[in-house]
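The structure appears right after this line, and notes come after that.
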Amino acid sequence: MITMPKRLKLLLAIAAAISVYVLATSAERAPATGDTAQAERGVARRPTNAAHAVHMVGDRGANPLIGVALRVSDRKAAASLFPVQSWYVAPPPPPPAPVVEVKPPPPTAPPLPFAVMGSYSRPGDATVYFLTRADRVFDVHIGDTLDNTYTVDGEANGQLLLTYKPLHIQQSLPLGGAP
């Protein structure tokens, strides 16, 4: 006969007791329906509803791996184990920029298309001014209208004054050295 130390005998006795307990409890939980053959072969049926799934988990039959195969994890419960927590508070959105209404600038007359070529005056007569635009020469007196757009108003400080008729804006044209 082989002699074993007390410690080994104690461990073997505990292991035997655990195996007897597992076999006894699994026999009590054997399936009551015709699922015994499937449970013994290790085949698990898919539960049709939640109550049946709980029944299947409780009915492990002779094979304890069936209970592990039917174990269902709740994703919400798993997510709530370690919830995300943040102390960050988003700043409020910036206030809308004030609407600044920009008034369009007042209309202005286009630049004068004329250049002074010279002037001529006889004693006792009105002065005649010679203006050019491109290749045309105009001889005008004070009060005349050019192309129904400009009127000649007069002469002041060495400049010829013209009025742009559509906007009634007065413009000046330098006479240069002309008398």
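The values are calculated or read from the model by the stated rules, or taken from the named source; none is laboratory data. Keep in mind it's a predicted model, so treat the numbers as computed, not measured. Keep in mind that these areas ignore ligands, DNA and RNA; they rest on the heavy atoms of the full protein, side chains included. Shrake-Rupley method; radii C 1.70, N 1.55, O 1.52, S 1.80 Å.
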If ligands, DNA and RNA are left out, what is the accessible area of Phe114 with a 1.4 Å probe, given in Å² to the nearest 10? 10
Can you run the Rg to Rh ratio on segment 82-179? Use alpha carbon positions and the Kirkwood inverse-distance Rh. 1.63
How would His141, His168 line up by accessible area, probe 1.4 Å, largest first? His168, His141
Full-extension gain between Val128 and Glu101, please, as 0.36 nm times their residue separation minus the C-alpha to C-alpha distance. 4.9 nm
Through the Karplus equation 6.51 cos²θ - 1.76 cosθ + 1.60, θ set to phi - 60°, convert the phi angles of segment 157-169 into ³J(HN,Hα) values in whole Hz; use x for Gly and Pro. 6, x, 10, 8, 9, 10, 10, 7, 5, x, 10, 6, 10
Quote the accessible area belonging to Thr3 in square angstrom, nearest 10, computed with a 1.4 Å probe and with ligands, DNA and RNA left uncounted. 120
Could you order Ile169, Ile142 so the one with the most accessible surface comes first? Probe is 1.4 Å. Ile142, Ile169
Note on segment 78-161: contact order normalised by length, alpha-carbon pairs under 8 Å, 6 or more apart, percent, works out to 13
Take Val116, Val20, Val102, Val140 and sort them by solvent-accessible surface of the protein heavy atoms, 1.4 Å probe, largest at the top. Val102, Val20, Val116, Val140
